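A.B. asks: Once you've had a glance at the structure underneath, I'll fire off some questions.
The values are calculated or read from the model by the stated rules, or taken from the named source; none is laboratory data. All of these numbers come straight from a predicted model, not from anything done at the bench. Note that we place each Cβ from the backbone using ideal geometry, even for glycine, and neighbour counts take in every protein chain shown.
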Amino acid sequence: MGNLSLTESRAWKALLDHKKNIDRKHLRQLFADDPGRGERMTTEDIGIFLDYSKNRITDQTLKLLIKLANQAELKNRIEAMFSGEKINVTEDRAVLHVALRAPKGSKIMVDGKNVIPLVHEVLDRMTDFSNRVRSSQWKGHTGKRIRNIVNIGIGGSDLGPVMAYEALRYYSDRNLTFRFVSNIDGIDFAEATRDLNPDETMFIVSSKTFTTIETMTNAQTAKEWLLKGLGVDAGAVAKHFVAVSTNAKKVSEFGIDTANMFGFWDWVGGRYSMDSAIGLSTMLAIGPEHFRSMLKGFHEMDEHFRNAPFERNMPVLMGLLAIWYNNFFGAQTIAVLPYENYLKRFPAYLQQLTMESNGKQVTTDGEKVTCNTGPVYWGEPGTNGQHSFYQLIHQGTRLIPCDFIAFVNPLIQVGRHHDILMANVFAQAEALAFGKTARQVRTEGTPEWLVPHRVFNGNRPSNMILTDRLTPDTLGKLVALYEHSTFTQSVIWNIDAFDQWGVELGKVLAQRIIPEIENPSTLLEFNHDGSTNNLIRRYRKMKNRHNNKTI
Ligand code: F6P
């Protein structure tokens with residue numbers, strides 16, 4: 001590409017030109033001209049079937065998108081990631097979540113050291129620990145078995161564990177209760193623990209850095225809750241607290257024995273860490289075997305991403321389609337719509353994965369990007385979304401590409417429910433693509449004044465991801481699919497998908513404001529902007545008034 005910006009490059013311009021042809025063709029037309037596309041524009045590997053035929057593309061679009069990927073040297077970038085190159089340039093780190101699920105015998109070098117044995121050593125320790133807790137061998141301070149597990153963490157140290165727990169609940173040990181505390185809002189901790197018995201409760205403090213204010217405050221509160229509840233001193237912590245972190249020093253300063261710490265490494269990004277020791281709560285819930293089967297699923301998708309030709313490569317195709325709509329149609333968002341209730345937290349999980357990764361405005365060289373980057377990912381499980389926001393997707397003025405995720409076999413067969421669920425997901429994709437013309441509406445006898453309201457323009461794109469059933473292995477594949485689609489997009493835009501400087505400023509400012517609102521003896525003169533000064537003053541006054549009243 002030389003010194004040309006992405007948007008001046010040959011592959012980009014070819015897509016811009018081509019878009020004019022696509023604009024002239026409705027999906028109805030594309031299917032009429034090419035009846036085979038419903039079967040041809042699909043790909044299947046490792047048990048996942050992707051139908052991308054209902055996208056506003058032709059074979060030529062795909063060729064041009066793949067040229068764009070080749071121009072960005074996607075193949076080399078994938079290899080660079082898998083071989084441990086420091087592709088997180090702003091933090092000078094390797095990006096090796098793929099090492100977390102690589103088989104025992106493999107070899108990935110970081111700074112001259114093979115990291116695979118380290119990964120398996122931690123996995124073995126997690127296995128041993130999980131077995132001891134699950135079999136009641138591990139006892140709390142008063143000799144009772146552990147029945148409640150509370151994961152304390154935020155961002156990548158929470159969203160993955162929560163999502164995986166919900167997704168794999170079917171496989172979980174129902175004798176154990178799992179809770180997740182993330183928010184600094186004290187309500188989160190209070191509600192999560194209100195009905196728990198401290199004797200039977202274990203806290204997992206999950207934090208890569210072990211400095212995050214939300215997690216450290218919640219962990220401190222948990223320690224006080226436990227010691228007060230047991231009526232003992234700090235000696236009880238060892239039986240009720242374990243840590244997952246890369247920071248042994250901070251873990252031990254907090255009072256957790258590093259023998260009860262499960263480590264990971266700076267080459268695992270927070271949002272890419274649910275398959276590291278951050279997944280300890282997942283392993284406790286579903287057991288080590290299921291956890292390893294999830295890792296196997298991740299690994300199979302890694303291998304698919306690394307080896308499948310781009311024409312049949314699911315993360316590459318989905319990443320390129322995201323670019324197509326984001327950059328050539330001006331679409332701002334992508335809706336992820338799982339037709340599987342267990343995946344209810346999957347869209348929330350994807351929000352951090354995709355948006356903390358690709359919400360960037362400069363390239364890896366620090367140049368301002370010349371096009372939009374990361375789209376907003378959002379969604380809800382079907383069919384609930386159908387009775388809520390789907391109206392806008394069907395008849396609103398915005399283009400919202402959708403990813404439907406569906407499973408052929410339900411985990412629990414309840415009457416006719418599953419066939420009805422599946423009929424809905426297929427119907428939604430059909431309705432979005434083909435809509436309903438004014439002529440069709442009229443032939444139904446609709447009065448003329450109502451016709452425009454009942455027309456569905458169609459031509460609204462979607463992917464359909466179809467697989468057998470939701471297993472730990474499938475979940476691993478789905479998460480890796482989105483991880484690699486996110487990476488694919490970042491390579492095209494040449495941005496660093498693995499840093500997150502954008503979260504820093506708010507953290508620093510909050511640290512400055514905390515003493516200003518906590519300490520009543522500080523003056524009411526603050527050095528922020530007029531609005532922030534006023535808000536702080538108002539908060540302090542109202543808080544004082546309330547406190548005086550309640551005393
Ligand atoms: O929100 C910023 C962030 O650094 C995320 O990237 C990370 O997942 C989260 O905070 C939690 O960080 P930690 O695991 O270090 O507590």
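A.B. asks: Hey, any hits in segment 268-281 for a residue that's aromatic (F, W, Y), within 16 Å of the ligand (Cβ to nearest atom), crowded, with 24+ Cβ neighbours inside 10 Å and not in a helix (DSSP H, G or I)?
C.D. replies: Within segment 268-281, none of the residues are aromatic (F, W, Y), within 16 Å of the ligand (Cβ to nearest atom), crowded, with 24+ Cβ neighbours inside 10 Å and not in a helix (DSSP H, G or I).
A.B. asks: Which of the residues that make up segment 469-527 are assigned to a loop (DSSP other than H, G, I, E, B), over 30 Å from Y170 (Cα atoms) and modelled with pLDDT of 95 or more?
C.D. replies: N494, I495, D496, A497, F498, D499, Q500
A.B. asks: While we're looking at this one, here's another question. For V232, are the conditions met, namely being β-branched (V, I, T), farther than 17 Å from D128 by Cα and surrounded by 16 or more Cβ atoms within 10 Å (Cβ to Cβ)?
C.D. replies: no
A.B. asks: If you don't mind, there's one more thing I want to ask. Kindly evaluate A236 against the criterion of being within 12 Å of the ligand (Cβ to nearest atom), among the small types (G, A, S) and more than 23 Å from the chain's Cα centre (by Cα).
C.D. replies: no
A.B. asks: Within segment 164-221, restricting attention to residues that are in a loop (DSSP other than H, G, I, E, B) and in contact (Cβ under 8 Å) with a residue 60 or more places away in the chain, which residue is nearest to the ligand (Cβ to nearest atom)?
C.D. replies: Restricting to residues being in a loop (DSSP other than H, G, I, E, B) and in contact (Cβ under 8 Å) with a residue 60 or more places away in the chain, the top hit is K208.
A.B. asks: If you scan segment 24-43, which residues turn out to be outside any loop (DSSP other than H, G, I, E, B) and over 20 Å from C402 (Cβ atoms)?
C.D. replies: Q29, A32, D33, E39, R40 - these are the residues of segment 24-43 that are outside any loop (DSSP other than H, G, I, E, B) and over 20 Å from C402 (Cβ atoms).
A.B. asks: Out of E380, E356, I need the residue that is within 16 Å of the ligand (Cβ to nearest atom) and either under 20 Å from the mean Cα position of the chain (by Cα) or of a type outside the set (A, V, I, L, M) (or both). Which one?
C.D. replies: The conditions single out E356.
A.B. asks: Right, here's the next one. So which residues in segment 135-163 are within 16 Å of the ligand (Cβ to nearest atom) and either farther than 23 Å from M274 by Cα or among the hydrophobic types (A, V, I, L, M, F, W, C) (or both), if there are any at all?
C.D. replies: Across segment 135-163, the qualifying residues are V150, I152, I154, L159, V162, M163.
A.B. asks: I'm trying to understand the selection: among the residues of segment 458-505, which are within 30 Å of R28 (Cβ to Cβ) and basic (K, R)?
C.D. replies: Passing the criteria: only R460.
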